[in-house]
1. Please state which of the following conditions Ser176 fails to meet, knowing it meets all the rest: (1) touching a residue at least 40 places away in the same chain (Cβ under 8 Å); (2) at negative phi; (3) of a type in the set (S, T, N, Q).
2. Just one of (1) within 30 Å of Glu189 (Cβ to Cβ); (2) modelled with pLDDT of 95 or more; (3) in contact with a strand residue (DSSP E or B) (Cβ under 6 Å, 6 or more places away or on another chain) trips up Asp21, so point out which.
3. Working only within region 20-38, note down all residues that are of a type outside the set (Lys, Arg) and either within 10 Å of the chain's Cα centre (by Cα) or surrounded by 15 or more Cβ atoms within 10 Å (Cβ to Cβ) (or both).
4. Looking at this structure, is Val106 free of Cβ contacts under 8 Å to residues at least 40 places away in the same chain and farther than 18 Å from Gly161 by Cα?
5. For Ala185, which of the numbered conditions (1) open to solvent by 20 Å² or more (accessible area, probe 1.4 Å); (2) not in a loop (DSSP other than H, G, I, E, B) fails to hold?
6. Return the residues of region 49-108 that are among the aliphatic types (A, V, I, L, M) and over 23 Å from the mean Cα position of the chain (by Cα); say none if nothing qualifies.
7. Just to be sure, is Leu58 modelled with pLDDT of 95 or more, under 29 Å from Ile152 (Cα atoms) and assigned to a strand (DSSP E or B)?
Amino acid sequence: MYTPSAFAIDDLPALHQQILDTRLAILVTHGERGLQASHLPLLLSPEQGPNGTLYGHLARANPQWQELEAGAEALVIFAGADAYVSPSFYPSKTDHGKVVPTWNYVAVHAYGSAEVFSDAHRLRNLVSALTDRHEHGRAKPWKVDDAPPDYIDGMLKAIVGFALPIQRLEGKRKLSQNRSTADIAGVREGLTASPDPRDQTLAHLMPKE
C-alpha cells in the first residue's frame with residue numbers, strides 16, 4: 001500500500017484497533033489459480049507473535065484454502081471509514097483555486113502465510129469465538145450449543161480453518177494531514193454537514209485544532 005509518511009499508522013495498538021473495528025475483511029491470495037479473494041469475519045489474537053495472529057475459516061468448497069495450505073502469501077485488507085472530499089470544502093479554493101477532489105480513508109493491510117486446520121475441536125472453538133463476538137450485546141445471544149450437535153458436526157466438516165501469523169502490518173490514515181489547518185477544518189465541517197452517515201463517521205476521525 002502506497003503510504004506517504006504523513007498518513008502512516010505506526011502504532012501497533014492503533015493498527016490492531018482498526019482490525020478489530022473492521023467486521024468483514026478481505027483475504028487475497030495469489031497461486032496456481034491466479035488471484036483469489038474472499039470476504040471473511042476474522043478474529044485477532046494480539047498477543048500471538050510480534051504483530052498478532054488472525055484466525056478465520058473458509059468453506060471447504062472454496063479452493064482458496066488450498067492456496068493457503070500450499071504456502072501462498074496472503075494479504076488481508078481491513079477497510080475503515082472513507083469519504084469523498086470535494087474541493088469546495090477547502091477555504092483555499094477561493095484564494096487560488098488550485099485544488100482537486102480526493103478521497104479520505106483508513107485502511108490496514110496484514111501480510112503472512114497461514115496454517116490450515118480441519119480438527120473438529122479447534123474449528124468448533126473458532127466458530128464459537130466468532131459467534132460470541134458478533135452476538136455480544138444482543139438481548140438473546142445465539143450460541144453454537146443452541147443448535148443440534150449432529151448438525152454442528154456436519155457444518156464443521158464443510159469448513160476449513162486457518163491461523164495467519166501477521167508477518168508484516170501496515171496502516172494508512174488519510175485524513176487531509178497534508179492540507180493547511182483551515183482546509184482540514186473545512187473538510188471536517190463539510191463532511192459533518194453531509195447527510196451521509198459514512199461521511200460523518202470519517203469526519204469524527206479527522207484531527208481537530
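The values are calculated or read from the model by the stated rules, or taken from the named source; none is laboratory data. Source: prediction; values computed, not measured. Neighbour counts run over all protein chains shown; Cβ positions are idealised from the backbone, glycine included. What goes into the accessible areas is simple: the full protein's heavy atoms, side chains included, and nothing from ligands, DNA or RNA. Shrake-Rupley method; radii C 1.70, N 1.55, O 1.52, S 1.80 Å.
1. Ser176 satisfies all of (1) touching a residue at least 40 places away in the same chain (Cβ under 8 Å); (2) at negative phi; (3) of a type in the set (S, T, N, Q) except (2).
2. That leaves (3) as the condition not met.
3. Leu20, Asp21, Thr22, Leu24, Ala25, Ile26, Leu27, Val28, Thr29, Gly31, Gln36, Ser38
4. no
5. With respect to (1) open to solvent by 20 Å² or more (accessible area, probe 1.4 Å); (2) not in a loop (DSSP other than H, G, I, E, B), Ala185 is out only on (1).
6. Ala61, Ala70, Val99, Val100
7. Answer is yes for this residue.
Matching residues to (1) part of a helix (DSSP H, G or I); (2) open to solvent by 60 Å² or more (accessible area, probe 1.4 Å); (3) at pLDDT 95 or above; (4) not basic (Lys, Arg):
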| residue | (1), (2), (3), (4) |
| --- | --- |
| Ala163 | no, no, yes, yes |
| Asn178 | no, yes, no, yes |
| Glu189 | yes, yes, yes, yes |
| Gln200 | yes, yes, yes, yes |
